[in-house]
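Report on one structure; see the data block that follows.
The values are calculated or read from the model by the stated rules, or taken from the named source; none is laboratory data. A quick note: this is a predicted structure, and the numbers were derived from the prediction, not measured. Cβ sites come from the backbone with ideal geometry, for glycine too, and all protein chains shown count toward neighbours.
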Amino acid sequence: MKVLGLTGGVGMGKTTAAQMFMAAGIKVLDTDVLARQLVEPGQPALAEIIACFGSAFIDSLGHLRRLDLARIVFADSGRRIQLEQILHPRIRTAWQQQVFDWRTSGELLGVVVIPLLFETQVESHFDRILCAACLPDSQQTRLAARGWTAEQASQRIAAQLPIEQKITRSHHVIWTEGCLASTSRQIERILGGL
């Protein structure tokens, strides 16, 4: 089995690329989805977050107020590191288990979407690393469309390796600047070369 790691800057098209892989019948796991599952009520990670950050970040139904926590951790790198120390080991264990399950069931190819792939130093777990990228102006436009302020966008961008470094360290770049058909053709070429 071949396992591809898909990374890229925030707002640069990872989710769109992942959807195209899924449409091609390929197994895809998004670690952002895992992160949300790990902080559901009753999960040990949520209890650790409460112990570390306080119960002010929990709503009346016991759910994590993710946006409120994000405001704190992206404004303070020390707090962000604390959150990452709670979540990253659990996220890694979960996606590695999924890859093991894919191998066991005889899958030939799988894609794991990891925004912080290089930052968490997991390159060696993948046969190929793909980087979704676009121009900075397009990135800003996409993040603004999510309702993020310029400050929120710059904080999140600053929390990741510069996209130029991600591109240099990847085997393939999926340039998402053009139309969706262009992105799809790039993915077809990557799959054809595996």
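Descriptive notes on the structure:
- Checking each residue in the stretch 85-118 for being in a helix (DSSP H, G or I), of a type in the set (A, V, I, L, M) and closer than 29 Å to T168 by Cβ picks out L87, I91, A94, V99.
- On inspection, Q165 qualifies as closer than 22 Å to H88 by Cα and either of a type in the set (A, V, I, L, M) or exposed (fewer than 14 other Cβ atoms within 10 Å of the Cβ) (or both).
- Taking each residue of the stretch 12-31 that is closer than 18 Å to L135 by Cβ and looking for partners that are assigned to a helix (DSSP H, G or I) and of a type in the set (S, T, N, Q) with beta-carbon atoms closer than 6 Å, six or more apart or interchain, yields M12/Q139.
- Residue tally, condition part of a helix (DSSP H, G or I) and either in contact with a helix residue (DSSP H, G or I) (Cβ under 9 Å, 6 or more places away or on another chain) or aromatic (F, W, Y) (or both), over the stretch 11-50: 20
- Considering the stretch 73-84, and only residues there that are assigned to a helix (DSSP H, G or I) and more than 16 Å from the chain's Cα centre (by Cα), the residue that is farthest from A47 (Cα to Cα) turns out to be S77.
- Hits in the stretch 155-192 - residues which are under 15 Å from the mean Cα position of the chain (by Cα) and among the basic types (K, R): R156, K166
- Residue in the stretch 146-159 that is surrounded by 13 or more Cβ atoms within 10 Å (Cβ to Cβ), at pLDDT 95 or above and assigned to a loop (DSSP other than H, G, I, E, B) present: no
- Selected residue [of a type in the set (S, T, Y) and surrounded by 13 or more Cβ atoms within 10 Å (Cβ to Cβ)] from T93, T120: T120
- Conditions (1) modelled with pLDDT of 95 or more; (2) surrounded by fewer than 21 Cβ atoms within 10 Å (Cβ to Cβ); (3) more than 27 Å from S105 (Cα to Cα): number failed by A56: (1)
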